[in-house]
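First comes the structure, then the notes that go with it.
Just so it is clear, none of the values below were taken in a lab; they were calculated from the coordinates. Quick caveat: nothing in here was measured; it's all calculated off a predicted structure. Glycine also receives a Cβ, built like all others from the backbone with ideal geometry; neighbour counts cover every protein chain displayed.
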Amino acid sequence: MNPQTIEQQSTILIVDDHESSVELLKALLTSFGYSSIYSTMDSREASKMYSAIRPDLVLLDLHMPHMDGFQVMKQLKELEKESYAPILILTSQNDKDIRLKALKEGATDILNKPLNLAEVMFRIQNILEIRLLHRRVRDQNKAPDQKVREHTEELNQSR
């Protein structure tokens with residue numbers, strides 16, 4: 001049995017209010033073998049979608065109506081307090097202070113629009129590799145705890 005590639009096992013959520021940006025990202029990701037791609041153009045739906053699908057990566061625009069990317073990122077970080085939630089900001093804002101604020105508030109990385117598509121794919125691949133390694137470490141750390149609980153339960157039942 002062949003192990004799944006990162007592309008096959010990764011789920012990506014796109015949050016951007018511009019349909020053309022969403023469609024470009026979906027087409028790009030699909031061309032590289034990603035198939036579990038979700039999107040919303042309504043920033044108010046991002047946290048609900050995140051909770052439902054638990055993506056491995058969020059591609060997030062900063063400038064959107066209703067809620068900006070900073071507000072969305074804050075909600076997502078609240079949902080993922082105990083884990084690593086990668087967020088790649090894709091923005092047309094080139095202000096250094098905005099970029100630093102995004103990184104300070106939890107963005108994993110930032111790319112400016114118009115996007116260099118090759119760079120986008122390399123950054124996505126790198127972030128997802130880190131996500132996969134994080135998940136493996138988390139799962140390995142849970143295994144001993146689970147064994148201790150099972151052993152404790154067996155001892156309690158044998159009394």
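Hey, can you tell me all the residues within the range 1-33 that are under 25 Å from residue 48 (Cα atoms), exposed (fewer than 15 other Cβ atoms within 10 Å of the Cβ) and without any contact (Cβ under 8 Å) to a residue 40 or more places away in the chain? Selection gives 8, 19, 20, 23, 27, 30.
Pairing residues of the range 111-128 that are in a loop (DSSP other than H, G, I, E, B) with residues that are among the hydroxyl-bearing types (Ser, Thr, Tyr) and surrounded by 14 or more Cβ atoms within 10 Å (Cβ to Cβ), at Cβ distances under 8 Å and at least 6 apart in sequence or on separate chains, gives 113/21; 113/91.
Consider the range 47-103 and keep the residues that are in a helix (DSSP H, G or I) and among the basic types (Lys, Arg). The one that is surrounded by the fewest Cβ atoms within 10 Å (Cβ to Cβ) is 96. Mind checking which residues of the range 87-135 are small (Gly, Ala, Ser) and over 14 Å from the mean Cα position of the chain (by Cα)? 92, 102, 118 - these are the residues of the range 87-135 that are small (Gly, Ala, Ser) and over 14 Å from the mean Cα position of the chain (by Cα). Taking the criterion of being aliphatic (A, V, I, L, M) and closer than 20 Å to residue 74 by Cβ, the residues of the range 29-48 that qualify are 41, 46.
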